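Asker: To start, I am sharing the structure in question, which I have written as structure tokens.
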Amino acid sequence: AVVMSSMGTQIGAAQILQALAVDNLLPFLRIFRPSDRSPPTEVHARRAVIATFLLIALVLLSGADLNTMATFQTLFFLLSYAIINLACLLLTIQGSPNFRPVWKHYSWQNAAFGFVACIVVMFYAHPLRAAVAILVCLLLMIYLVYSGPDTSATWGDVTQSLLFHQVRKFLLRLDISKQHLKFWRPHVLLLADDPEKQYNLIHFANNLKKGGILLIGNVIDEERKAEEKQPSASSASSDADGEEG
């Protein structure tokens, strides 16, 4: 049972290593993914398994204390569970429509309790090593945010959803009856034919709002566009007739 559990853990670690390589999160893991962004083959899976085996063997043969390594393993497992509970909590708070848990006993209280319980157990097991594990996780997060690849298009950015949720909540709290003249701010609606070319007009309206809200509306007149295209087409045909003459 111990051997099978160890082999299962090794295969799981190899799959995680390969997933990190496919997402291109760390540049030195390119050897474990195809260069043309196609699905990984058996060759890349074998590379991940061999690399995981060599890493485990290196740790075992280095003479490191297995109790210490087991403590770090437990702490990182608890940290991963804490992050999962935190993600569920944030998705529940922001009211994400695509987050629909099927477990009937799920609630945001359970997710919050799971997150806090994992962190408490980590520091109960070993405070110093728990702090080291959290520091390593924070460093990885900082690297991914500032130096990692842009994954917002594929993964989504939970911070933007949280900001939208908070802005919507505070906008709904606005009460017209409680507004006062000394706190009034102008809100400008600017209708522009071509915003890319009317920079001076947009700059003037932006200075005019003074802390208010500037809304820019791009007016699209299909009939006007059609009239503009017809003279150009007729002039081009007349030029062609002139060249033939």
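The values are calculated or read from the model by the stated rules, or taken from the named source; none is laboratory data. If you're wondering where the values come from, they're calculated on a predicted model, not measured in any experiment. Don't worry about glycine lacking a Cβ; one is built from the backbone with ideal geometry, like all the others, and counts go over all protein chains shown. These accessible areas exclude ligands, DNA and RNA; they are computed on the full protein's heavy atoms, side chains included. Shrake-Rupley method; radii C 1.70, N 1.55, O 1.52, S 1.80 Å.
Asker: Does ILE134 satisfy being within 24 Å of the chain's Cα centre (by Cα), surrounded by 14 or more Cβ atoms within 10 Å (Cβ to Cβ) and without any contact (Cβ under 8 Å) to a residue 60 or more places away in the chain? Working first, answer last.
Answerer: Details: within 24 Å of the chain's Cα centre (by Cα): yes; surrounded by 14 or more Cβ atoms within 10 Å (Cβ to Cβ): yes; without any contact (Cβ under 8 Å) to a residue 60 or more places away in the chain: yes.
It is true that ILE134 is within 24 Å of the chain's Cα centre (by Cα), surrounded by 14 or more Cβ atoms within 10 Å (Cβ to Cβ) and without any contact (Cβ under 8 Å) to a residue 60 or more places away in the chain.
Asker: Residue check, LEU162 against (1) open to solvent by less than 60 Å² (accessible area, probe 1.4 Å); (2) at pLDDT 90 or above, all met but one. Which one?
Answerer: (2)
Asker: Specify which of the listed residues (SER35, SER107, SER62) is more than 26 Å from LEU135 (Cα to Cα), surrounded by fewer than 17 Cβ atoms within 10 Å (Cβ to Cβ), modelled with pLDDT under 85 and hydroxyl-bearing (Ser, Thr, Tyr). Before the answer, list the steps.
Answerer: Numbers: SER107 fails: modelled with pLDDT under 85; SER62 fails: more than 26 Å from LEU135 (Cα to Cα).
Unique residue meeting the criteria: SER35.
Asker: Taking the criterion of being assigned to a helix (DSSP H, G or I), surrounded by 10 or more Cβ atoms within 10 Å (Cβ to Cβ) and modelled with pLDDT of 75 or more, would at least one residue in region 208-216 satisfy it? Quick ask: steps written out before the conclusion?
Answerer: If we filter region 208-216 for residues that are assigned to a helix (DSSP H, G or I), which is where we start, we get 208-209.
Cutting the leftovers down to surrounded by 10 or more Cβ atoms within 10 Å (Cβ to Cβ) gives us 208-209.
From the residues that got through so far, the ones that are modelled with pLDDT of 75 or more too are 208-209.
Yes: one or more hits.
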